[in-house]
1. Hey, can you tell me all the residues within region 173-216 that are open to solvent by 30 Å² or more (accessible area, probe 1.4 Å), in a loop (DSSP other than H, G, I, E, B) and under 16 Å from Leu325 (Cα atoms)?
2. Can you tell me which of Trp85, Trp78, Trp145 is more than 28 Å from Ile426 (Cβ to Cβ) and under 30 Å from the mean Cα position of the chain (by Cα)?
3. It is to be established whether one or more residues within region 327-339 are in contact with a helix residue (DSSP H, G or I) (Cβ under 8 Å, 6 or more places away or on another chain), under 30 Å from Phe168 (Cα atoms) and among the hydrophobic types (A, V, I, L, M, F, W, C).
4. Would you check if there is a residue in region 401-410 being in a helix (DSSP H, G or I), of a type in the set (Val, Ile, Thr), farther than 28 Å from Lys150 by Cβ and open to solvent by 30 Å² or more (accessible area, probe 1.4 Å)?
5. If the requirement is being surrounded by 20 or more Cβ atoms within 10 Å (Cβ to Cβ), more than 30 Å from Lys291 (Cα to Cα), modelled with pLDDT of 90 or more and of a type outside the set (D, E, K, R), which of these qualifies: Ile351, Ile339?
6. Out of Ala163, Ala201, Ala183, I need the residue that is in contact with a strand residue (DSSP E or B) (Cβ under 7 Å, 6 or more places away or on another chain) and farther than 30 Å from Gly454 by Cβ. Which one?
7. When the residues of region 78-109 are narrowed to those that are in contact with a Leu (Cβ under 9 Å, 6 or more places away or on another chain) and modelled with pLDDT under 85, which ends up most open to solvent (accessible area, probe 1.4 Å)?
8. Within region 133-172, track down each residue that is aromatic (Phe, Trp, Tyr), open to solvent by less than 40 Å² (accessible area, probe 1.4 Å) and either farther than 30 Å from Val398 by Cα or modelled with pLDDT under 90 (or both).
Amino acid sequence: MDEPLSAAAAAGSVPAAGPPPENAPASVPGQGSGPHPRPHPYPHPLADHGRSPLRIPVRVRAGFLIPAAVILAAIIIWPAIDSVWLSVHNADGSKWVGLHNYHTLFTDSATLTALKNNIIWVVCAPTVACALGLMFALMAEKIRWSTAFKAVIFMPMAISFLAAGVIFELVYQQDPHQGVANAVAVGVHDTFAPSSKYPGARPRPVTAKPGTAGSFTSVQTFQAGSVAQLPLVGIQAAGLPGKAAQAAAPSAAPAADQIEGTVWLDIIYGGGGTPNHLDAGKKGMPGISVKAIDVATGKSAGSASAHNDGTFTIKGLKPGDSYRLELPGSNFAQPYRGIQWLGPSLVTPAIIASYLWIWAGFAMVLIAAGLASIPRELQEAARVDGANDRQVFWRITVPLLAPVLLVVMVTQIINVLKVFDLVYVIAPGSTLPNANVLAVQMWNVSFGGGADQGLGSAIGVFLYVLVLPAMYFNIRRLRNEKKEGR
């Protein structure tokens with residue numbers, strides 16, 4: 001249809017005048033004729049006013065931006081400026097001291113300890129969090145109940161740091177009856193090395209003397225075919241095992257190659273009795289180990305365990321040889337009490353573990369989203385080419401996940417640089433200096449008794465400077481993604 005019109009226009013002819021068709025759209029002022037698409041039949045209401053339909057009036061923009069700018073200045077910009085101002089003044093802000101507070105920051109031992117711990121946090125926590133998140137994300141792809149698994153792992157994110165600190169402060173209690181961590185440690189330890197039966201028990205000094213490793217050796221020597229009596233004290237009668245029976249005297253005439261005897265608690269429940277005598281009411285100590293040590297060689301010649309009535313028999317001895325009886329220290333050692341999780345050497349790793357309990361779920365969710373976006377065709381192609389699972393993981397999956405892993409790492413670094421709640425709540429007062437971090441040190445110096453606003457503000461400014469590289473990286477990454485249209 002355009003070709004006849006063009007020919008007519010070239011010939012100089014003018015189309016016949018007449019009214020436009022009934023359904024023809026109204027013409028829009030300013031629109032020329034030509035091969036361009038026709039304008040919308042209903043023009044924008046603002047088109048006749050000479051303004052772009054996307055233009056927002058200044059008063060409307062100001063109405064939205066000014067309140068936000070005021071709030072931003074009140075809660076972010078002004079406190080930052082005030083912190084910088086305080087950091088170059090003395091403790092109460094009355095005198096200019098220049099960079100003195102920053103010099104103190106790098107020479108004070110407590111602040112240096114906090115800085116060292118922050119470095120440990122930055123190196124360990126983000127790396128382990130990423131590794132755990134990747135592991136959990138891969139596991140979630142292999143199991144049928146992945147949704148429930150992800151929900152359980154992510155659930156700690158719903159708990160505040162303060163509540164998590166209270167939880168783990170209880171988990172790390174030294175008493176295994178209260179602390180879950182030590183209850184597990186004691187259970188595992190006692191499975192392979194049972195606790196002693198009579199912790200704190202000991203012979204009377206006139207009958208035995210202390211030996212090595214908590215053991216006791218009899219003062220008197222015994223020959224094969226003789227009888228020995230070993231009364232013990234140091235524990236309560238009520239603490240004896242339920243199977244302990246009335247102590248019985250050994251055989252009056254043992255075999256020529258044996259030493260018989262009795263080990264009993266030389267205390268009567270409720271009082272009474274004569275020391276070093278087998279009185280009624282005194283009970284044997286079942287399970288106690290007794291060794292015969294050859295006086296000539298100093299080596300063990302035999303051993304036996306006491307029965308419920310305390311009697312024991314050591315067999316296979318040489319007639320005529322002299323022996324001393326030894327009660328090994330394993331009979332009397334204090335029970336295993338677990339690991340000192342919140343001690344000076346383990347307090348920082350223990351707190352990092354509580355942090356990982358919270359943030360591993362966050363890393364898992366982000367990494368799982370990244371895994372879901374990876375084209376499966378690439379992995380299948382690699383397997384067709386002969387790559388095994390490990391090669392596919394390291395050469396296909398990890399490189400494609402690198403942007404997500406980097407985002408998780410940067411986010412975790414920002415979090416650990418400002419960690420406060422967990423350290424302040426979990427670490428006991430005795431080891432808080434060992435677990436100190438910059439945020440806690442800033443609090444202690446400013447409000448926790450130091451009353452030095454200048455030094456505290458200097459620590460805050462330094463902490464902000466440490467966070468700046470991570471913030472810059474995140475902003476740059478967001479801009480690049482915007483440019484790429486992702």
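The values are calculated or read from the model by the stated rules, or taken from the named source; none is laboratory data. Quantities reported herein were computed from a predicted structural model and do not represent experimental measurements. Backbone-built Cβ (ideal geometry, glycine too); neighbour counts: all protein chains shown. What goes into the accessible areas is simple: the full protein's heavy atoms, side chains included, and nothing from ligands, DNA or RNA. Shrake-Rupley method; radii C 1.70, N 1.55, O 1.52, S 1.80 Å.
1. If the condition is that a residue be open to solvent by 30 Å² or more (accessible area, probe 1.4 Å), in a loop (DSSP other than H, G, I, E, B) and under 16 Å from Leu325 (Cα atoms), then Arg204, Pro205, Val206, Thr207, Gly211 are the ones that fit.
2. Going through Trp85, Trp78, Trp145 in turn, the sole match is Trp145.
3. yes
4. Scanning region 401-410, I find no residue that is in a helix (DSSP H, G or I), of a type in the set (Val, Ile, Thr), farther than 28 Å from Lys150 by Cβ and open to solvent by 30 Å² or more (accessible area, probe 1.4 Å), so the answer is no.
5. Ile351
6. Numbers: Ala163 fails: in contact with a strand residue (DSSP E or B) (Cβ under 7 Å, 6 or more places away or on another chain); Ala183 fails: in contact with a strand residue (DSSP E or B) (Cβ under 7 Å, 6 or more places away or on another chain).
After ruling out the rest, the residue left standing is Ala201.
7. It comes out as Ala91.
8. Restricting attention to region 133-172, the residues satisfying the condition of being aromatic (Phe, Trp, Tyr) are 136, 145, 149, 154, 161, 168, 172.
The next check asks that each one be open to solvent by less than 40 Å² (accessible area, probe 1.4 Å); those that pass are 136, 149, 168, 172.
Of everything in region 133-172, those that are aromatic (Phe, Trp, Tyr), open to solvent by less than 40 Å² (accessible area, probe 1.4 Å) and either farther than 30 Å from Val398 by Cα or modelled with pLDDT under 90 (or both) turn out to be Phe168, Tyr172.
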